[in-house]
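A.B. asks: Have a look at this one before I ask anything.
The values are calculated or read from the model by the stated rules, or taken from the named source; none is laboratory data. Worth saying up front: this structure is predicted, and the values here are computed from it rather than measured. Note: ideal-geometry Cβ built from the backbone for every residue, glycine included; neighbour counts use all protein chains shown. Surface accessibility is based on the protein's heavy atoms, side chains included, excluding ligands, DNA and RNA. Shrake-Rupley method; radii C 1.70, N 1.55, O 1.52, S 1.80 Å.
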Amino acid sequence: MNSFLQPRYIRVHKNDNVAVVVNQGGLPAGSRFACGLVLTEMIPETHKVALADLAEGDAIVRYGVVIGHAKRAIQRGNWVHEGLVSLPDAPPLADCPLATAVPKTLPKLDGFTFEGFRNIDGSVGTRNILGISTTVQCVAATVAYAVRRIKAEMLPHYPNVDDVIAITHPYGCGVAIDAPGAAVPIRTLRNLSLHPNLGGELLLVSLGCEKLQPERLMPSGTLPVLNEESSLAVMQDAQQGFGEIVDTIMTLAERKLKKLNERRRISCPASDLVVGLQCGGSDALSGVTANPAVGFTADLLVRAGATVMFSEVTEVRDAAHLLTARAATPEIAQDLVREMAWFDEYLHAGGADRAANPTPGNKKGGLANVVEKAMGSIAKAGSTALMGVAGPGQRVTQKGLVFAATPASDFICGTLQLAASMNMHIFTTGRGTPYGLAMAPVIKVSTNSGLATRWSDLIDVDAGKIATSEATIEEVGWEIFRLILEVASGCKETWADHWGLHNDLVLFNPGPVT
Ligand code: CA
């Protein structure tokens with residue numbers, strides 16, 4: 001029998017009393033593993049099998065941690081589906097250990113570079129894009145119209161400019177702009193406009209009567225050029241018709257295109273990378289294949305001096321005590337506790353809790369609950385010390401491993417990571433998603449080879465090779481690291497960029513709408 005057809009499971013930790021079936025298509029009842037274990041019922045691919053008899057109330061252990069308790073007696077060889085697993089309480093934030101298990105600094109990794117666009121503020125772009133920002137949704141369609149024409153009529157004359165994008169959003173008016181929560185969407189929009197891939201050539205379009213006035217979005221000092229006529233178009237002040245207003249936007253855009261077109265890629269150390277990590281459409285293999293491989297990549301990046309950002313508060317909440325212990329200082333650990341506590345409160349105020357995650361797709365993929373999802377999710381963060389914590393939409397300037405607090409929603413997380421100045425994005429997926437962003441390249445990593453085969457023209461890296469023993473975590477980690485350098489240099493295209501699959505920016509607005 002072909003070794004890939006033999007019943008196989010992956011047990012992550014020696015204390016685990018469940019393991020994950022990795023055979024494509026799952027396994028029928030009666031399947032016998034090499035260890036002698038026989039399945040009592042059919043188990044779908046990436047779902048869990050009981051390795052021991054469990055009584056009602058017994059702890060179910062995966063990743064060496066309790067992911068829940070048995071709701072009823074479970075027999076060895078049974079399918080341990082989500083209906084059998086109760087959700088344990090979240091680790092209390094007040095008891096989190098602060099910087100008690102700080103990992104040793106790993107050896108430096110020298111000599112890795114990429115070709116990027118260096119900006120005046122020291123940041124580095126992996127793309128050379130003209131971004132047109134907006135203060136309010138009212139002008140979004142106008143800017144989208146102008147961008148269509150700029151791309152068709154002007155962009156072909158500026159071959160060194162990669163793209164023209166509209167930074168549009170539903171914010172700006174009809175919102176409680178002085179509420180504490182408003183700080184999040186406003187700083188997100190400000191930092192998106194200052195993204196390293198936009199080359200510091202800000203162009204802003206405003207309606208005129210909106211709550212989010214241009215000076216509020218970009219206070220003086222944020223970007224001095226905003227006060228110049230050449231960077232701001234206010235529709236209601238123009239005393240012109242629509243056609244002339246569009247002409248004005250296009251004239252301003254052409255000046256920016258001329259400047260951007262003069263830029264050239266130069267050799268930059270890998271330390272100029274700001275890599276955002278995310279997962280979406282996770283399954284039970286996420287924590288076994290793709291996320292550990294990305295964790296190895298994260299360690300390589302940190303060793304090379306880069307910034308690596310992980311996020312998604314609800315997906316790390318159940319591992320908070322492990323991450324605070326890993327913080328480089330007690331202050332950084334406290335910052336993490338503060339962000340977790342803020343989100344607990346935010347969910348509570350909305351009448352929800354962390355059980356709102358995982359999704360139906362996650363559960364279909366074998367994840368019983370958010371604890372199991374969290375343990376798999378934090379594998380992405382590798383093994384280095386936590387060097388910093390940023391609030392939602394704040395720009396990250398710290399090198400090393402940083403937690404940028406965001407919701408787990410793919411689009412909101414991606415938008416907030418862009419605001420944090422992410423210039424490369426790694427996205428792991430088990431169920432599959434065609435996710436992509438216009439502002440920074442997205443490398444998609446599949447957790448299983450079935451997905452990578454079905455979606456060979458959407459998935460950039462197959463980490464499922466780890467489950468079939470065709471590659472090691474380290475090998476896939478290096479593959480992702482090298483691909484990051486190639487894509488960052490503009491030498492290689494991701495599938496999402498190839499097809500132009502660019503999801504909308506989605507703001508996180510914890511403030512009230514009026
Ligand atoms: Ca996500």
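A.B. asks: Subtract the Cα-Cα distance of residue 113 and residue 14 from 0.36 nm times their separation in residues, and report this length gain in nm to one decimal.
C.D. replies: Roughly 31.7 nm would be gained on extension.
A.B. asks: Starting from 0.36 nm per residue, how many nanometres of slack lie between residue 24 and residue 383 once their C-alpha separation is accounted for? Walk me through the numbers on the way to the answer.
C.D. replies: Details: separation 359, 0.36 × 359 = 129.24 nm, distance 3.00 nm.
126.2 nm is the gain from fully extending residue 24 to residue 383.
A.B. asks: Using a 1.4 angstrom probe with every protein chain in place, what is the largest-first accessible-area order of 47, 348? Write out the running numbers ahead of the final one.
C.D. replies: On the way: 47 15, 348 125 Å².
Of 47, 348, the descending order of accessible area is 348, 47.
A.B. asks: Evaluate the relative contact order of the chain (contact order divided by residue number), counting alpha-carbon pairs under 8 angstrom at least 6 apart; express in whole percent.
C.D. replies: Working: 1177 pairs, mean separation 93.1, N = 514.
About 18 percent, as a whole number.
A.B. asks: Where Rh denotes the Kirkwood radius from the mean inverse Cα pair distance, what is Rg over Rh for segment 268-499? Spell out each step's value before the answer.
C.D. replies: Details: Rg = 16.2 Å, Rh = 17.3 Å.
In segment 268-499, Rg relative to Rh is 0.94.
A.B. asks: Quick one: in segment 1-89, what % of C-alpha pairs are over 15 Å apart?
C.D. replies: Details: 2132 of 3916 pairs.
I get 54 percent for the Cα pairs in segment 1-89 exceeding 15 Å.
A.B. asks: May I ask for the angle, rounded to the nearest 10°, between helix 242-261 and the longest principal axis of the chain, with both axes built from Cα atoms and the value confined to 0 to 90°?
C.D. replies: It is inclined by approximately 70 degrees.
A.B. asks: Compute the distance from the alpha-carbon center of segment 55-78 to that of segment 225-298, in whole Å.
C.D. replies: Comparing the Cα centres of segment 55-78 and segment 225-298, I get a distance of 47 Å.
A.B. asks: Per the helix-only calculation at 222 nm, which mean residue ellipticity applies to the chain, given -39500 (n - 2.57) for every DSSP H run of n ≥ 4 and division by its residues, nearest 500 deg cm²/dmol?
C.D. replies: Numbers: 14 runs with 144 residues, N = 514.
That calculation yields -8500 deg cm²/dmol at 222 nm.
A.B. asks: With every protein chain present, what accessible area does residue 455 have (1.4 Å probe, heavy atoms only), rounded to the nearest 10 Å²?
C.D. replies: 70 Å²
A.B. asks: Determine the relative contact order of segment 1-89: mean sequence separation of Cα pairs under 8 Å and six or more apart, normalised by residue count, in whole percent.
C.D. replies: Working: 210 pairs, mean separation 23.3, N = 89.
Dividing the mean separation by the residue count of segment 1-89 yields 26 percent.
A.B. asks: Simple spin-label model, 7 Å along Cα-to-Cβ: residue 157 to residue 514 in nm?
C.D. replies: With each label placed 7 Å out from Cα toward Cβ, I get 4.4 nm.
A.B. asks: Moving on. Between residue 342 and residue 69, take the C-beta separation as r, use R0 = 22 Å, and let me know the FRET efficiency to the nearest 0.05. Before the final figure, lay out the partial values.
C.D. replies: Values: r = 29 Å, r/R0 = 1.31.
Once rounded, the FRET efficiency stands at 0.15.
A.B. asks: To continue, here is another question. So how tilted is helix 140-153 from the main axis of the chain? Cα-based, degrees 0 to 90, rounded to 10.
C.D. replies: Helix 140-153 sits at roughly 80 degrees to that axis.
A.B. asks: How much accessible area does residue 413 have with a 1.4 Å probe, in Å² rounded to the nearest 10?
C.D. replies: 0 Å²
A.B. asks: Just in segment 78-155: which trypsin sites (Lys or Arg not before Pro) are loop by DSSP and have at most 16 other Cβ atoms within 10 Å? Don't skip to the answer; put the middle values down first.
C.D. replies: Working: sites: 104, 108, 118, 127, 148, 149, 151; in loops: 104, 108, 127.
When the trypsin sites (Lys or Arg not before Pro) of segment 78-155 are filtered for loop state and at most 16 Cβ neighbours within 10 Å, 104, 108 remain.
A.B. asks: Rounded to two decimal places and with Rh computed the Kirkwood way over Cα pairs, what is Rg over Rh for the chain?
C.D. replies: 1.00
A.B. asks: Any idea of the accessible area per residue across the chain, 1.4 Å probe, to the nearest Å²?
C.D. replies: On the way: 20130 Å² over 514 residues.
Result: 39 Å² of accessible area for each residue.
A.B. asks: Express as a percent, rounded to the nearest 5, the fraction of DSSP beta bridges in the chain (both residues included) that run antiparallel.
C.D. replies: Numbers: 22 of 57 bridges.
Bridges in the chain that DSSP calls antiparallel: roughly 40 percent.
A.B. asks: A further question on this structure: Once each part is reduced to its C-alpha centroid, what is the distance from segment 22-39 to segment 185-206 in angstrom?
C.D. replies: 53 Å
A.B. asks: Using modelled amide H (1.01 Å from N, peptide plane; none on Pro or chain starts), what sits under 5 Å from the amide H of residue 382, excluding residues fewer than 5 places away?
C.D. replies: 295
A.B. asks: Can you run the Rg to Rh ratio on segment 94-136? Use alpha carbon positions and the Kirkwood inverse-distance Rh. Spell out each step's value before the answer.
C.D. replies: Values: Rg = 19.6 Å, Rh = 15.8 Å.
Across segment 94-136, the Cα-based Rg/Rh ratio is 1.24.
A.B. asks: Between segment 313-359 and segment 429-457, what is the separation of their alpha carbon centroids in Å?
C.D. replies: 27 Å
A.B. asks: Taking 45 Å as R0, compute the FRET efficiency from the Cβ-Cβ separation of residue 94 and residue 35 and round it to 0.05. Walk me through the numbers before you get to the answer.
C.D. replies: Details: r = 42 Å, r/R0 = 0.94.
Efficiency at R0 = 45 Å is approximately 0.60.
A.B. asks: Going 7 Å from the Cα of residue 267 toward and past its Cβ, which residues in segment 83-119 have a backbone nitrogen under 16 Å from where you end up?
C.D. replies: In segment 83-119, the label zone of residue 267 (backbone N under 16 Å from the point 7 Å along Cα→Cβ) covers 110-118.
A.B. asks: Next question, about the same structure. How tilted is helix 410-419 with respect to the longest principal axis of the chain? Cα atoms for both, answer in degrees (0 to 90, nearest 10).
C.D. replies: The two axes meet at around 50 degrees.
A.B. asks: Take the eigenvalues of the Cα gyration tensor for segment 324-402, scale each by 5, and report the square roots as semi-axes in whole Å, largest first.
C.D. replies: Details: eigenvalues 126, 62, 24 Å².
Each semi-axis is the square root of five times an eigenvalue, giving 25, 18, 11 Å.
A.B. asks: Over segment 129-260, calculate the relative contact order: mean separation of alpha carbon pairs under 8 Å at least 6 apart, over the residue count, as a percent.
C.D. replies: Details: 183 pairs, mean separation 45.5, N = 132.
Rounded, it is 34 percent for segment 129-260.
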